[in-house]
Amino acid sequence: MEIKKRRAGKNRSKKKRKPNRFQVSDALWEKLKALIPPRINTHPRGGGRKPRSDREVMDGIFFVLRTGCQWKALDETNICSGSVAHARFQKWVQAGVFLKFWQAGLHEYDECKGIDWNWQSMDGAMTKAPLGGEKNRAQSHRPGQGWSQTQSAV
(Lines give C-alpha, C1' and ligand atoms only; values in the text may rest on other atoms or scores of the structure.)
Protein backbone atom coordinates (compact mmCIF):
# COMPACT_ATOMS: atom_id res chain seq x y z
CA MET A 1 0.00 0.00 0.00
CA GLU A 2 1.49 3.29 -1.08
CA ILE A 3 0.89 6.41 0.94
CA LYS A 4 1.40 9.73 -0.77
CA LYS A 5 2.35 12.67 1.37
CA ARG A 6 1.01 16.05 0.47
CA ARG A 7 3.69 18.66 0.42
CA ALA A 8 2.99 21.78 2.46
CA GLY A 9 1.71 24.51 0.23
CA LYS A 10 0.96 22.27 -2.75
CA ASN A 11 -2.27 23.21 -4.52
CA ARG A 12 -3.24 25.64 -1.77
CA SER A 13 -4.08 28.43 -4.23
CA LYS A 14 -6.24 26.13 -6.38
CA LYS A 15 -8.71 25.15 -3.67
CA LYS A 16 -12.17 26.59 -4.03
CA ARG A 17 -12.84 29.61 -1.87
CA LYS A 18 -15.74 29.31 0.52
CA PRO A 19 -17.52 32.61 1.12
CA ASN A 20 -16.59 34.09 4.47
CA ARG A 21 -17.34 37.50 5.89
CA PHE A 22 -13.64 38.05 6.59
CA GLN A 23 -12.51 37.27 3.05
CA VAL A 24 -12.01 39.85 0.35
CA SER A 25 -14.78 39.66 -2.24
CA ASP A 26 -13.96 38.92 -5.88
CA ALA A 27 -14.97 42.43 -6.97
CA LEU A 28 -12.83 44.08 -4.29
CA TRP A 29 -9.91 41.76 -5.02
CA GLU A 30 -9.87 42.83 -8.68
CA LYS A 31 -9.38 46.43 -7.54
CA LEU A 32 -6.77 45.55 -4.92
CA LYS A 33 -4.79 43.22 -7.17
CA ALA A 34 -3.81 46.09 -9.46
CA LEU A 35 -2.30 48.05 -6.53
CA ILE A 36 -0.05 45.28 -5.20
CA PRO A 37 3.53 45.42 -6.48
CA PRO A 38 4.97 42.24 -8.03
CA ARG A 39 6.87 40.01 -5.61
CA ILE A 40 10.60 39.61 -6.24
CA ASN A 41 12.21 36.27 -5.46
CA THR A 42 15.14 36.98 -3.13
CA HIS A 43 16.33 33.40 -2.89
CA PRO A 44 20.02 33.20 -3.88
CA ARG A 45 19.44 30.56 -6.56
CA GLY A 46 15.92 31.55 -7.54
CA GLY A 47 14.28 28.66 -5.71
CA GLY A 48 12.69 28.49 -2.31
CA ARG A 49 9.25 27.67 -1.07
CA LYS A 50 6.31 28.91 -3.08
CA PRO A 51 4.94 31.97 -1.27
CA ARG A 52 1.37 32.34 -0.05
CA SER A 53 -0.91 33.97 -2.58
CA ASP A 54 -1.42 37.69 -2.18
CA ARG A 55 -5.16 37.17 -1.86
CA GLU A 56 -4.81 34.79 1.09
CA VAL A 57 -2.42 37.19 2.78
CA MET A 58 -4.77 40.12 2.16
CA ASP A 59 -7.57 38.06 3.76
CA GLY A 60 -5.34 37.64 6.80
CA ILE A 61 -4.46 41.34 6.95
CA PHE A 62 -8.09 42.40 6.76
CA PHE A 63 -8.97 39.80 9.41
CA VAL A 64 -6.45 41.39 11.80
CA LEU A 65 -7.60 44.91 10.95
CA ARG A 66 -11.29 44.06 11.40
CA THR A 67 -11.02 41.96 14.56
CA GLY A 68 -8.11 43.70 16.27
CA CYS A 69 -6.44 40.37 17.04
CA GLN A 70 -2.68 39.97 17.23
CA TRP A 71 -0.75 38.99 14.11
CA LYS A 72 0.30 35.66 15.64
CA ALA A 73 -3.36 34.78 16.30
CA LEU A 74 -3.72 34.32 12.53
CA ASP A 75 -1.84 31.03 12.87
CA GLU A 76 -4.91 29.53 14.54
CA THR A 77 -7.36 30.73 11.88
CA ASN A 78 -5.78 28.83 8.97
CA ILE A 79 -6.08 31.95 6.82
CA CYS A 80 -2.32 32.43 6.64
CA SER A 81 0.68 32.71 8.92
CA GLY A 82 0.78 35.76 11.16
CA SER A 83 4.44 36.42 10.38
CA VAL A 84 3.80 36.27 6.61
CA ALA A 85 0.79 38.59 6.90
CA HIS A 86 2.70 41.09 9.05
CA ALA A 87 5.76 41.07 6.78
CA ARG A 88 3.65 41.62 3.67
CA PHE A 89 1.57 44.26 5.44
CA GLN A 90 4.75 46.21 6.21
CA LYS A 91 5.99 45.88 2.62
CA TRP A 92 2.66 46.97 1.20
CA VAL A 93 2.46 49.95 3.57
CA GLN A 94 5.94 51.00 2.40
CA ALA A 95 4.82 50.61 -1.23
CA GLY A 96 1.71 52.75 -0.57
CA VAL A 97 -0.80 50.01 -1.39
CA PHE A 98 -3.23 50.90 1.40
CA LEU A 99 -2.94 54.64 0.78
CA LYS A 100 -3.74 54.12 -2.92
CA PHE A 101 -6.60 51.79 -1.93
CA TRP A 102 -8.03 54.41 0.43
CA GLN A 103 -7.71 57.12 -2.24
CA ALA A 104 -9.40 54.92 -4.85
CA GLY A 105 -12.21 54.22 -2.39
CA LEU A 106 -12.70 57.94 -1.78
CA HIS A 107 -12.86 58.66 -5.50
CA GLU A 108 -15.34 55.83 -6.07
CA TYR A 109 -17.53 57.03 -3.21
CA ASP A 110 -17.31 60.57 -4.58
CA GLU A 111 -18.56 59.32 -7.96
CA CYS A 112 -21.42 57.29 -6.41
CA LYS A 113 -22.66 59.53 -3.60
CA GLY A 114 -20.61 62.68 -3.88
CA ILE A 115 -18.33 64.22 -1.28
CA ASP A 116 -18.67 67.90 -0.45
CA TRP A 117 -14.98 68.77 -0.53
CA ASN A 118 -15.73 72.41 0.45
CA TRP A 119 -16.91 71.46 3.92
CA GLN A 120 -14.96 69.13 6.15
CA SER A 121 -14.95 68.54 9.90
CA MET A 122 -12.81 66.71 12.39
CA ASP A 123 -13.85 65.19 15.65
CA GLY A 124 -11.67 65.21 18.72
CA ALA A 125 -11.59 65.91 22.41
CA MET A 126 -9.21 68.01 24.47
CA THR A 127 -9.48 67.65 28.22
CA LYS A 128 -7.36 68.49 31.22
CA ALA A 129 -5.24 65.69 32.67
CA PRO A 130 -7.06 64.12 35.66
CA LEU A 131 -4.25 64.99 38.09
CA GLY A 132 -3.15 68.16 36.36
CA GLY A 133 0.13 66.55 35.40
CA GLU A 134 1.33 66.44 39.01
CA LYS A 135 2.30 63.32 40.88
CA ASN A 136 -0.16 62.60 43.65
CA ARG A 137 1.22 59.46 45.25
CA ALA A 138 3.13 58.29 48.28
CA GLN A 139 6.88 58.75 48.29
CA SER A 140 9.17 55.79 47.73
CA HIS A 141 10.40 53.84 50.74
CA ARG A 142 13.55 52.69 48.97
CA PRO A 143 16.81 54.06 50.34
CA GLY A 144 18.15 57.04 48.42
CA GLN A 145 14.92 57.81 46.56
CA GLY A 146 12.61 59.33 49.11
CA TRP A 147 11.51 62.81 50.12
CA SER A 148 14.14 63.04 52.85
CA GLN A 149 16.96 62.55 50.33
CA THR A 150 15.81 65.41 48.13
CA GLN A 151 15.31 67.76 51.13
CA SER A 152 18.75 67.02 52.65
CA ALA A 153 20.43 67.88 49.36
CA VAL A 154 18.89 71.40 49.44
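The values are calculated or read from the model by the stated rules, or taken from the named source; none is laboratory data. All values derive from a computational prediction rather than experimental measurement. Ideal geometry is used to build each Cβ from the backbone, glycine not excepted, and the neighbour counts take in all protein chains shown. Surface areas here come from the heavy atoms of the whole protein model, side chains and all, with no ligands, DNA or RNA. Shrake-Rupley method; radii C 1.70, N 1.55, O 1.52, S 1.80 Å.
How do the peptides 40-51, 115-126, 83-94 rank, highest first, by the average count of neighbouring beta carbon atoms within 10 Å per residue? Please list the in-between numbers first.
On the way: 40-51: 8.5, 115-126: 5.8, 83-94: 15.9.
Highest to lowest by the protection proxy: 83-94, 40-51, 115-126.
Which of the residue pairs Lys91/Lys113; Lys31/Lys113; Lys33/Lys91; Lys72/Lys100 have a Cα-Cα distance greater than 24 Å in the structure shown? Could the numbers behind the result be given before it?
Working: Lys91/Lys113 32 Å; Lys31/Lys113 19 Å; Lys33/Lys91 15 Å; Lys72/Lys100 26 Å.
From the list (Lys91/Lys113; Lys31/Lys113; Lys33/Lys91; Lys72/Lys100), the Cα-Cα distance tops 24 Å for Lys91/Lys113; Lys72/Lys100.
How large a share of the accessible area of region 40-107, in percent, is made up of carbon and sulfur atoms when the probe is 1.4 Å and the other protein chains stay in place?
Numbers: 2470 of 4440 Å².
Ligands and nucleic acids excluded, carbon and sulfur give 56 percent.
With a 1.4 Å probe and all protein chains left in place, how much accessible area per residue does region 17-110 have, in Å²? Don't skip to the end; give the middle numbers.
Values: 6500 Å² over 94 residues.
I get 69 Å² per residue for this part.
Using the Karplus curve 6.51 cos²θ - 1.76 cosθ + 1.60 with θ = phi - 60°, work out ³J(HN,Hα) for each residue of region 42-53 in order, rounded to whole Hz, and write x for Gly and Pro.
Per residue, the Karplus-derived 3J(HN,Hα) values read 9, 5, x, 10, x, x, x, 6, 5, x, 4, 5 Hz.
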